[in-house]
Structures are given as structure tokens and as C-alpha cells.
Amino acid sequence: MSKYFSPFVIPFCIGVVLLFAFCIWKYIRWYKGFDRLQRAIIRKNIFSWKFLPAIWEIVMESLLHRRIFKRNLLLGYMHASIAFGWFLLIVVGFFEAEFGIQGSKPFWVAIFYRFFQHEHNTFPSAAVFTQVMDGLLLFVLSGITIAFVKMIYSRIVGMKKATKHVIFDHFARVSLWCIFPFRLLSESVTAAMYHNGGFLTQTIGDILPFANEYVEYTYWLLYSLSLGVFFTAMPFSRYMHIFTEVFLIYFRRLGVKENEQKSGYTMYELSACSRCGICIDACPLNKQLDIKGVQSVYFLRDIRYKMLKDEIADNCLMCSRCASDCPVQLDLMAIRRQMRDKKELDTKNNYRYLDTVRAFNAMDRVVYFAGCMSHLTPGIPDAMEKIFETVGQKYWYMDKEASICCGRPLMQQGFHTQASELRRKNTQLIVQSHARLLITSCPICYQSFTKEYKLPIKVMHHTEYIDMLIKSGKLKVNKDASLKVTYHDPCELGRGCGIYDEPRDVLNSVAVLMKTPEEREHSLCCGFNLGNTVIELEQQEKIRNAALENLQTGNPDLICTACPMCKKAFTRATEAKVMDVAELVVKKIGE
Amino acid sequence: MRNLKFGFAISIPRSINMDTADNRLLKQLEEEVPSFKRCMNCGACSATCSARQFTDYNIRRIHSLFRMQQYQDLENELKPCMLCGKCTLVCPRGVNLRSMIMNMRKILTDPKRKDNE
């Protein structure tokens, strides 16, 4: 034992012990915070086939960072080189020590192998291992170099704005960055003295002017110190994401979801955020209004360090643009809702006045739910009624007279009890109508019906329904090849529910659909999303103008959308024609 | 609804004594929702309101009452709102009515305020 001990390993050992102690303590505490339903899901699925895709995703994301690669090659390389490179350095180093030193040995020998084993060629392919280890070290160092350049000039990796970190994160980052240069130097000095280095360390070692025992010891001590400091800081800094992401992916793959209230799972999500800052560039509040400090990265950090202010939680459009870019795929919108929880303000029995609304027997009819906003754009329900009549479909216009909100606007603001009251009423009306299909014109209601309601019947957005009618030949439309249109993906329909193709197919069958620079997952919010209650009209207009500009590229004859709110927002601002998909289809109905 | 039943209603006098008036809540609301002041009392919000279809909930009235610092029972009067946001979208003056309603509720239900009274 004493042969493989030297006092410089103490900081490293302390760091490792603290790291694992804190991590295990935190993970157990958070796991205890899971609610009964979440635990039941884990118990049910833990020995199922879902285990395999989870492992695959963990390798692809936690080690290789595939999603960041897709975004920017250099940024992906930076993350992969540090994460995957370091991982391989540990694994290969472990085997090298295992083969190189026979018999029992303390765990730190693998980390400080060169210091304890001056001989090379201790086993047949030792030389190969030496070169591979040097190659891996170079791989990691290249990533650290990019990270350093990124700190000074983040545009090199395609990021306009980088995260402003708290001082503690800077401290952890510096200790991380120190690890690998010190490893290089210490191994080089040892190589200079004992000629046991690879292509990199031996070359550098031969150049180094001072190579004696004292210099060697100092460098190894510094290497051990930076490791120890980083490991100690890790559970409290953003680098907690390294381990947490693994658990998060695993739980998510098992089927665990966010709740209305903060739970242990939320704690995993908070710590899985690496504060990479990719969400900052995505946020329309940053892009158009230059509002800082409200983006998801800061929001999650503030929750984690318990310094969240209400106006930061409230100042978000809930357009989920950041969530679609997030490389960890955190459920940012759900966490936002949890933090907006209104507690005592969220009262019961506010909507007793709805008790008088009675259901209609709509057997063998479809239910049409226009949604509150559609009442402000009467063209959309009118068009839908016309379409129903054309295809001979009997329908019940559920909210024609008595318009009940679907409850999602309340939920977005954290009134969970009140929202559930509205949901209960609507569910009751729909179930009692005995209809088989619910069609809605409002993406907000659609998302609510599909995700928050537990309806026994199928729910469709009107674009899906029209698409189905056209494809099945029930609705015949004429294609106008001279009409150029652009399509605006509403946040709630596109990113919210993943409906991108149906409206596009419909538009392609009646007109010529043009591409816009930002579309599908990258579509811009119209600014009037009900998620935000902080920004004022003038600010909303700025966001809308940016979205409008995007839609007007290529001078289309018509701007199409599938959301009454977006339509209302755009109609006010432009001379150009704005229409809902349904309204356009009605004009093009053929024989 | 009361008005409809009898054709008339009796209101309590609503004069404000400017010397004793306490406008702290109003100031607080104006700070949270700067657009509050823009209102010209046109009533478009009440006209489009979904809750108004079922009850005598009246945003314009609530706005006026709050401005005149008549907070009696305003807290409960705000409850029928479904926050659907139609009022905000139709407002010709760009008053952020959803935010106004939420903040009014927040201010009026603040336990600190009740302690002071």
C-alpha cells in the first residue's frame, strides 16, 4: 500500500469522497420526493424493455452530445471531447493500471498511473495504451481550448449570447479547465525523467527546461488539487448535470413526467440543466426585446439556488421555443407552471355559475369547440360550419352561446384548482353529449384537450380534420397554383402538439406553400401567447412584427395560420391578407 | 341581474374623501400593471367577456371600483374570471387586463393588507 501512496493524492481522495457522498445524499433525498404516481411508474417499468433505449440515449446524449452536434458542429465537438474524452481517459486509464500493476492497489493509482509506474513495457501492448492515453488527453485539451475561446467569443460556436454565470460556477469551471493542462504537465515532467511518455507527453517533456523531482511533485499536486476542488464544487455548481442527466434520461425513458407541483423529479431536472445558454438565443424576449435574466437557464438557476423572483417566473411567453432547443430536453414549461403556483389565490368553487349549462345529446354528431379566441375571429367558426355542411357532417357547436374556457390559460398562470374545475365541467358536457369526435379550432384548447383532459373520445384540431376530409376524398378542393401562401406554426399547435404536416398538406392541396426562414420547431411566437402577463402591448407588438417579417419573406399573397390568436395578432399589424387554414379551404371548395 | 329583476337598483354613495383616501393599493397595482391607467372605460372588455355571459361579472366596473378605491367585496367579485384573455385582446387601449385581474386578486388577498386594516 505504502508503495502506492504519496501525500499529493489526498486532495483528490477527499474530493472523490465528498463528491460521492453529496451526490448519493442528494439523489436519495430527491428520489424520496417523487410522488406516489411517479414511483409507481418507475416500479412498473424498471425491468421492462424501456431500459435499453434509455441506455442508448444516455450514451448518445450524456457522452456524445448528439443534440448539440446537430445544432453546431464545433459546439458539439467541444462538449463531446470533454465528456466522452474524459470518460475514455478514465476507462482506458483504469485498464492500463489494471494490466500495468499486478495485484491489489488503491483506486487512485489509475488516475496517477504514470507517477506510480515508471516502467513502460510492463505488459505486451503497454506502448499502445501509452499512445492512446496521450491521444485522449489531446482530445480533451482541444475541447478545453474551444471552451476557453468560447468564453471570450461565443459566436465561434454559433451562440450570440452566452450564459452569465454566478461566481461559484466560474470557480468550478476554472478548476475543471485546470485539470487537463496540469495532467499534461505532470505527465510530461515524469516522462522527461523516466522516459515513459507517449507522443505528446514525451515531446513536451523533452522540451521542458526543468525536470526534477520537485517540479514533478508540484505538478502532480496541482493536478490532484484541481481534481479535488472540482469534485468538491461539482454537486453545488452547474456541473452537477454530468451525473444528473444520466438519471434524468433514465427516469424520463421509464415514463416519469412533471407534475403540477414541484416534486423530486423537478429537482433532477433542475440539476440536469448544464446552463449551456442555448435557450437564451432562442428566447423571443431576448431576441426582440433584449429582456435579460428571465430565460430558462436563469430561471432554473434561480429556483435551484432559491432566489427566484415572481416577475422572472411570470415573464415568459410559454412559447416553448427554448424547450425545443434544449439539448437536455427539460420540461421547461411544466417547471415554469409549477413556479407560478398561486397557492391561496387559487380558490375553489369559482365557477359554480356554470352549473346551469346543460349538455346536448349529440349522438352520431361531432362536437365542435371553437374556443374563446375563435369568438373574436368569427370567420373561423363560420368556415368550419360551412365545411361541416359541405361534407354533410352533423355537428354540435358546443360553445356557440355559452363559451366556457378550456382552462389552459388559468393553468399556465398556476391556477391549477380553478383550471381543473373548468376541465371537469367541459369533460362532463362532452361525455354527456355521447359524441365520438371533438374538433377544436383553437390550438390552446387542443393542447389542453389532448394533454390535460382525460377524454374518452378522439380530439382533433380543425386542420387535422380538414386534412383527413381532403385525403379521404370527402371534401373536394380546387388547387390554385397561382396563390402563394406562407404558413405560421402556432406555438401551441406546432411545438406544443407536434402538428406540423397536416396544415401544410391542406395548404398544399389548395395553394402553393412557400418556405419561411424560421418554421416548424423554430417558428417564432406571435407575441400574444397567453403565457405572459408581464410584458406590455408595445413589447408584444415587437415580437409579433418579427414573426410577421419572417412570414412575409418572398412576398406571399396570403399568410395562413391555424390559431385564432395568431390570426388576430397579425391582422392588426399588416395590410397583407391573413387567413386561417379553414377559411382558405372554404374559398377553394370545388364540386 | 339584480337590475333586470326590478328595473332599478340602489347603490351606496361612492364619494371619496380625498383627505383620508389611501391610494397605496392603487399605486401598487399601477406599478405592476402600468397600462392600468390607459383605460378609457369603453367597456369592450365587459362586452366580450365569457364570464359576463353567465354572471354579472363586469371588468369595467371592477376597474372603476378599484380606481375609486372601493375595495369592498372586490376580492370575491373578481373570482368568476376564467382568464381566457379575450378582454386583453379586444382592448382598444392596450390595457393588460388579464394581468390587471390577476394582480388585483394578488393585492386584495395579500394577508399583510388584511392585517393592517
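Here, each number is a calculation from the coordinates, and none is a lab measurement. Since the structure is predicted, the reported quantities are computational estimates derived from the model, not experimental observations. Backbone-built Cβ (ideal geometry, glycine too); neighbour counts: all protein chains shown.
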What is the magnitude of the charge dipole of region A:407-455 about its Cα centre, with +1 placed on the Cβ of each Lys and Arg, -1 on the Cβ of each Asp and Glu, and no other charges, expressed in debye to the nearest 20? 100
Proxy exposure order for A:MET579, B:MET18, A:MET193, A:MET151 (fewest C-beta within 10 Å first) is B:MET18, A:MET151, A:MET193, A:MET579
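How big is the dipole moment of chain A about its Cα centre under a simple scheme where the beta carbon of each Lys and Arg is +1, that of each Asp and Glu is -1, and everything else is neutral? Debye, nearest 20, please.
Working: 72 positive and 56 negative charges, 276 e Å.
Dipole about the Cα centre, nearest 20: 1320 debye.
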Charge dipole of region A:352-468 built from unit charges on the beta carbon (Lys, Arg +1; Asp, Glu -1), centred at mean Cα; most positive-end Cα among A:TYR453, A:PHE360, A:MET373 is A:TYR453
Which of rounded, prolate, oblate describes region A:85-174, given a ≥ b ≥ c as roots of the alpha-carbon gyration tensor eigenvalues and a/c under 1.5 marking rounded, otherwise prolate only if a/b is larger than b/c? prolate
Putting +1 on Lys and Arg Cβ atoms and -1 on Asp and Glu Cβ atoms, find which of A:PHE199, A:VAL229, A:THR218 reaches farthest to the positive end of the dipole of region A:178-299. A:VAL229
Note to self: C-alpha centroids of region A:14-34 and region A:216-255 sit apart, in Å, by 12
For region A:264-328, with only Lys/Arg (+1) and Asp/Glu (-1) charged at the beta-carbon, what is the dipole magnitude about the Cα centre, in debye rounded to 20? 180
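Taking Cα atoms of the protein assembly as shown, Rg/Rh with Kirkwood Rh, to two decimals?
Radius of gyration over Kirkwood radius for the protein assembly as shown works out to 1.06.
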Normalised Cα Rg of region A:352-468, dividing by 2.2 N^0.38 Å with N its residue count, works out at 1.00
Bin width 5 Å, alpha-carbon pairs only: give the P(r) of region A:221-342 as whole percents, running from 0 to the bin holding the largest distance. 2, 11, 20, 23, 19, 12, 7, 4, 2, 1, 0
Determine the distance separating the Cα centre of region A:453-478 from the Cα centre of region B:49-84; give it in Å without decimals. 39
Over the C-alpha atoms of region A:179-238, what are the Rg and the largest Cα-to-Cα span, Dmax, in Å? 13.1, 40
Neighbour-limited loop hits for trypsin sites (Lys or Arg not before Pro), region A:48-155 (at most 16 other Cβ within 10 Å; DSSP other than H, G, I, E, B): A:LYS50
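If each DSSP helix of 4+ residues adds -39,500 (n - 2.57) and the sum is divided by the residues in chain A, what number results at 222 nm, nearest 500 deg cm²/dmol?
For chain A, the value works out to -16500 deg cm²/dmol.
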Report the normalised scattering of region A:475-587 as log10 I(q)/I(0) at q = 0.15 Å⁻¹, calculated by the Debye formula with identical scatterers on the alpha carbons. -0.60
Dmax and Rg, reported as Rg then Dmax, of region B:59-101 (C-alpha, Å): 10.6, 28
Once the mean of 1/r over all distinct C-alpha pairs in region A:125-178 is inverted, the Kirkwood radius in Å reads 13.1
Given a cut-off of under 8 Å on Cα pairs at least six residues apart, what relative contact order in percent is computed for region A:422-536? 23
Counting all C-alpha pairs of chain B, share separated by more than 19 Å (%): 49
